[in-house]
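J.: This structure is in structure tokens; I'll ask about it shortly.
The values are calculated or read from the model by the stated rules, or taken from the named source; none is laboratory data. All values reported here derive from a predicted model rather than from experimental measurement. Ideal geometry is used to build each Cβ from the backbone, glycine not excepted, and the neighbour counts take in all protein chains shown. These accessible areas exclude ligands, DNA and RNA; they are computed on the full protein's heavy atoms, side chains included. Shrake-Rupley method; radii C 1.70, N 1.55, O 1.52, S 1.80 Å.
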Amino acid sequence: MEKFTVLNALVAPLDRANVDTDAIIPKQFLKSIKRSGYGPNLFDAWRYLDIGQPGMNDAKRPLNPDFILNQSRYQGAEILLVRKNFGCGSSREHAPWALQQYGFKCVIGPSYGDIFFNNSFKNGFLPVVLSEAEVDGLFYDCALPGFRLVVDLERQTVATTDGSKSYKFDIDASRRNSLLNGLDEIDLTLRHADEIRAFEARRREQLPWLFR
Amino acid sequence: MGRTLYDKLWDSHVVHAEADGTALLYIDRHLVHEVTSPQAFEGLKLAGRKPWRIGSVVATADHNTPTTGWERGLAGIEDPISRLQVDTLTANIKEYGAKAYFPFLDKRQGIVHVIGPEQGATLPGMTVVCGDSHTSTHGAFGCLAHGIGTSEVEHVLATQCLVTKKMKNMRVSVAGQLGRGVTAKDVALAIIGRIGTAGGTGCAVEFTGSAIRALSMEGRMTLCNMAIEAGARAGMVAVDDTTIQYLQGRPFSPVASEWDQAVATWKMLLSDADAKFDHEIKLEGQDIAPQVTWGTSPEMVVSVEAGVPDPEKEKDPVKREGMERALAYMGLKPRTPIQEILLDKVFIGSCTNSRIEDLRAAAAVAKGKRVAANIKVAMVVPGSGLVKAQAEKEGLDRIFRESGFEWREPGCSMCLAMNADRLEPGERCASTSNRNFEGRQGAGGRTHLVSPAMAAAAAIAGHFVDVRAWR
């Protein structure tokens with residue numbers, strides 16, 4: 001997994017609540033058996049004026065000029081600022097894959113769909129939770145062209161580049177450690193293989209029908 | 001202090017816990033389908049790992065499979081990318097094995113959340129995971145069931161555990177009884193209308209109360225299925241005689257002395273009287289009317305007697321903009337009576353509402369009537385091959401066909417439109433599925449979520465009607 005330490009990046013605001021994973025990456029792109037190639041179809045239905053299908057040359061498709069990520073000032077943004085319940089809906093991990101492959105490394109918002117939130121960490125993609133008021137303030141600040149933020153995972157802060165504003169965020173110690181060090185979760189779990197085997201043996205004895 | 005059902009399920013599966021509360025949770029049943037598993041199997045292979053307990057895996061292909069043209073065999077999957085995904089699952093199961101695999105064309109194939117319970121592969125007290133958010137369905141059996149992502153699918157394959165943290169406890173009680181024509185689907189939508197699509201975020205929800213106890217297993221599955229639409233990864237209902245009766249004699253249910261031993265264990269799967277819940281929601285069964293969604297989120301829902309809400313009355317600006325955007329997408333005007341909304345298509349199916357009871361309810365409404373002229377397609381997609389066979393045994397297929405409905409082969413179909421069944425831009429659909437998100441049933445398609453009886457009545461009338469007044 002990719003490491004995440006400090007990110008100083010341009011911020012793009014997506015000002016709508018309850019953005020679901022169907023919107024992040026529509027289902028027709030889920031037919032792929034690969035982990036890559038989802039970036040061009042991030043927010044496909046909002047981003048392009050035509051209806052996207054797998055196999056199209058996305059570079060030649062008509063862009064929706066009203067969609068925020070198509071505006072020149074947000075090109076190269078690596079932080080996506082969002083509203084509440086971002087990533088609700090389906091469990092598709094293609095959602096964080098698409099965000100990441102588009103170029104985002106971090107999303108900042110007040111709340112997330114549970115499964116999306118989990119999936120993000122598995123890919124070194126950091127979902128930061130700030131309060132609704134703090135996020136509101138950042139949407140306001142984002143009106144400033146070239147607005148950047150510094151996300152420091154070690155210190156658990158989101159700050160403006162001049163340091164005039166800084167917000168603290170919470171994160172589980174084990175998730176933080178995995179991201180900072182880019183650890184492979186399966187390897188970590190397999191360190192407990194003996195415990196898993198012992199648990200399984202007890203369970204098999206007590207509830208044998210579960211193992212038929 | 002007393003423990004909730006969720007506390008008990010959690011406690012009995014913790015293999016190892018870290019100081020920050022992160023735990024390794026043992027997984028009993030791993031359901032696998034073609035869309036979210038290929039990258040997980042590939043990851044396993046690239047790392048040179050073996051599955052920990054392949055006997056926990058029950059697999060099927062459901063998302064991409066067509067609902068017509070089965071006589072053509074695998075060639076019936078016309079989209080080559082879909083075909084590759086289905087073939088990849090078959091190849092992975094061939095290489096690694098499984099307790100059971102119900103491939104495309106098998107008569108037991110179907111939607112993963114329909115066939116798990118149908119086969120007795122979902123049992124009380126289990127932890128059940130699947131790379132699909134509607135895994136919450138299986139909580140109807142008093143198990144801890146939730147959706148996971150593809151990295152977690154790989155993790156469970158490799159370690160038989162999930163790295164997770166305990167959720168909060170929420171209890172949703174529905175007292176009294178439901179009125180005639182009011183179903184589990186209406187209860188689910190009414191709950192989501194009340195608490196919102198993020199109302200259950202971070203929670204495991206237990207559904208209780210006399211109106212829930214009176215539900216069949218099919219109804220409980222519908223309710224738990226929709227827990228994720230309230231933001232809750234897991235929904236559950238405590239075990240009772242209804243649960244036990246449903247499971248007796250299923251192919252993978254325990255037998256002989258193990259059955260008795262299992263039943264004794266299962267009967268303890270309920271919350272203690274003094275258990276504490278972090279959140280409590282209470283509804284009265286008699287207050288719930290048939291529900292119809294009007295917007296692009298399941299929380300945008302009203303009673304069939306109501307009208308489309310007016311955003312001008314909403315004070316929260318983010319919410320108001322969301323409503324305006326939804327109305328524009330849905331092509332609706334504020335205050336339009338729900339029963340005046342004309343429809344183009346009707347879909348009866350999905351992991352929410354494609355079980356035998358759902359098909360019976362829809363057929364009872366459709367019997368002896370004709371689908372309205374303005375309805376281009378009204379399709380019924382059974383949840384599994386076995387549901388289809390049972391419905392045909394009862395003559396439901398004939399009722400549907402004679403009324404002008406299409407009778408299809410099983411699969412996820414137009415719930416998410418990964419196969420050929422979909423809405424065209426601007427088309428409006430009464431659907432028994434679970435999500436009315438923008439583009440969910442096809443780019444530009446407009447989805448209204450309803451119960452099977454409401455969908456069938458809408459197909460006959462050509463617009464929404466109150467099924468309680470249906471003659």
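J.: If the viscosity is 1.306 mPa s and the temperature 10 °C, what Stokes-Einstein diffusion coefficient in µm²/s follows for the range B:146-188 when Rh is the Kirkwood radius over Cα pairs?
T.: Calculated translational D: 112 µm²/s.
J.: Determine the relative contact order of the range B:328-436: mean sequence separation of Cα pairs under 8 Å and six or more apart, normalised by residue count, in whole percent.
T.: 38
J.: If each Cα of the protein assembly as shown is one equal point scatterer, what is log10 of I(q)/I(0) from the Debye formula at q = 0.07 Å⁻¹?
T.: The calculated log intensity ratios at q = 0.07 Å⁻¹ are -0.42.
J.: In the P(r) worked out for the range B:30-188, what percent of Cα pairs fall beyond 21 Å?
T.: 51
J.: What net charge do the residues around A:Thr189 carry, taking every other residue with its C-beta under 13 Å from that of A:Thr189, with Lys and Arg at +1 and Asp and Glu at -1?
T.: Net of charged neighbours comes to -4.
J.: Rounded to whole Å, give me the distance from the Cα center of the range A:94-119 to that of the range B:196-263.
T.: One Cα centre to the other: 30 Å.
J.: Given the rule -39500 (n - 2.57) for each run of at least 4 DSSP H residues, summed and divided by the residues of chain A, what is its mean residue ellipticity at 222 nm, to the nearest 500 deg cm²/dmol?
T.: One gets -8000 deg cm²/dmol as the mean residue ellipticity at 222 nm.
J.: State the three equivalent ellipsoid semi-axes of the range B:318-419, derived from the C-alpha gyration tensor as the square roots of 5 times its eigenvalues, in descending order and whole Å.
T.: For the range B:318-419, the ellipsoid semi-axes come out as 30, 17, 11 Å.
J.: Over every pair of different alpha-carbon atoms in the range A:157-208, take the mean of 1/r and invert it; report that Kirkwood radius in Å.
T.: Roughly 14.6 Å, rounded to one decimal.
J.: Write down the Kirkwood hydrodynamic radius of chain A, to one decimal in angstroms, obtained as one divided by the mean of 1/r over all alpha carbon pairs.
T.: Across chain A, the inverse of the average 1/r is 18.7 Å.
J.: Hey, got the average number of other protein chain Cβ atoms within 10 angstrom for residues in B:317-329?
T.: That average works out to 2.
J.: Just the number, please: Stokes-Einstein D of the range B:1-85 in µm²/s, Kirkwood Rh from C-alpha pairs, 25 °C, 0.890 mPa s.
T.: Translational diffusion coefficient: 148 µm²/s.
J.: So, for the range A:83-212, what is the accessible surface per residue at a probe of 1.4 Å, expressed in square angstrom?
T.: With the other protein chains kept in place, the range A:83-212 gives 42 Å² per residue.
J.: Using the per-residue mean of other Cβ atoms lying within 10 Å as a proxy for protection, in what order, highest first, do the peptides B:247-256, A:96-105 fall?
T.: A:96-105, B:247-256
J.: State the volume of the convex hull built on the alpha-carbon positions of chain B, expressed per residue in Å³ and rounded to an integer.
T.: About 149 Å³ per residue, rounded to a whole number.
J.: If the cut-off is 30 Å between C-alpha atoms, which lysines fall inside it for B:Lys393, apart from same-chain ones fewer than 8 positions away?
T.: B:Lys393 reaches B:Lys99, B:Lys107, B:Lys185, B:Lys345, B:Lys367, B:Lys369, B:Lys376.
J.: Whole number please: convex hull volume per residue, Cα atoms of the range B:236-375, in Å³.
T.: Cα convex hull per residue, to the nearest whole number: 206 Å³.
J.: Shielding by partners for B:152-162, please: the mean number of other protein chain Cβ atoms within 10 Å of each residue's Cβ.
T.: Shielding by partners across B:152-162 averages 5.
J.: For the peptides A:7-17, B:340-350, what is the packing order when you average, over each peptide's residues, the other Cβ atoms within 10 Å and list the highest mean first?
T.: The most tightly packed comes first, giving B:340-350, A:7-17.
J.: Could I ask something else about it? How big is the gap, in Å, between the Cα center of the range B:447-471 and the Cα center of the range B:74-137?
T.: Each part's Cα centre sits 31 Å from the other's.
J.: Further question: With bins 10 Å wide starting at 0, give me the P(r) of the range A:1-93 over every alpha carbon pair, in whole percents.
T.: Result, from short to long distances: 14, 43, 38, 5 percent.
J.: On average, how much accessible surface per residue is there in the range B:210-276, in Å², for a 1.4 Å probe, leaving out ligands, DNA and RNA?
T.: The answer is 39 Å² per residue.
J.: For the range B:354-471, compute Rg over Rh where Rg is the Cα radius of gyration and Rh is the Kirkwood radius from the inverse mean 1/r over Cα pairs.
T.: So for the range B:354-471, dividing Rg by the Kirkwood Rh gives 0.94.
J.: What does the buried accessible surface come to for B and A, summed over both chains, with the probe at 1.4 Å? Round to 100 Å².
T.: The B and A chains share an interface burying roughly 5500 Å².
J.: Leaving out ligands, DNA and RNA, what percent of the accessible area of the range A:1-158 is carbon and sulfur, probe 1.4 Å?
T.: On the range A:1-158, the fraction of accessible area on carbon and sulfur atoms equals 52 percent.
J.: If you don't mind, there's one more thing I want to ask. For the range B:78-95, which residues drop by 10 square angstrom or more in accessible area between the chain on its own and all protein chains together (1.4 Å probe)?
T.: B:Asp79, B:Ile81, B:Leu84, B:Gln85, B:Thr88
J.: Taking the range B:1-44 on its own, what percent of its Cα-Cα pair distances exceed 12 Å?
T.: Tail of the P(r) past 12 Å holds 73 percent of the pairs.
J.: Turning to a different aspect of this structure: Could you give me D for the range A:50-151, from Stokes-Einstein at 37 °C and 0.692 mPa s, where the hydrodynamic radius is the Kirkwood radius over C-alpha pairs? Units µm² s⁻¹, please.
T.: Roughly 220 µm²/s, to the nearest whole number.
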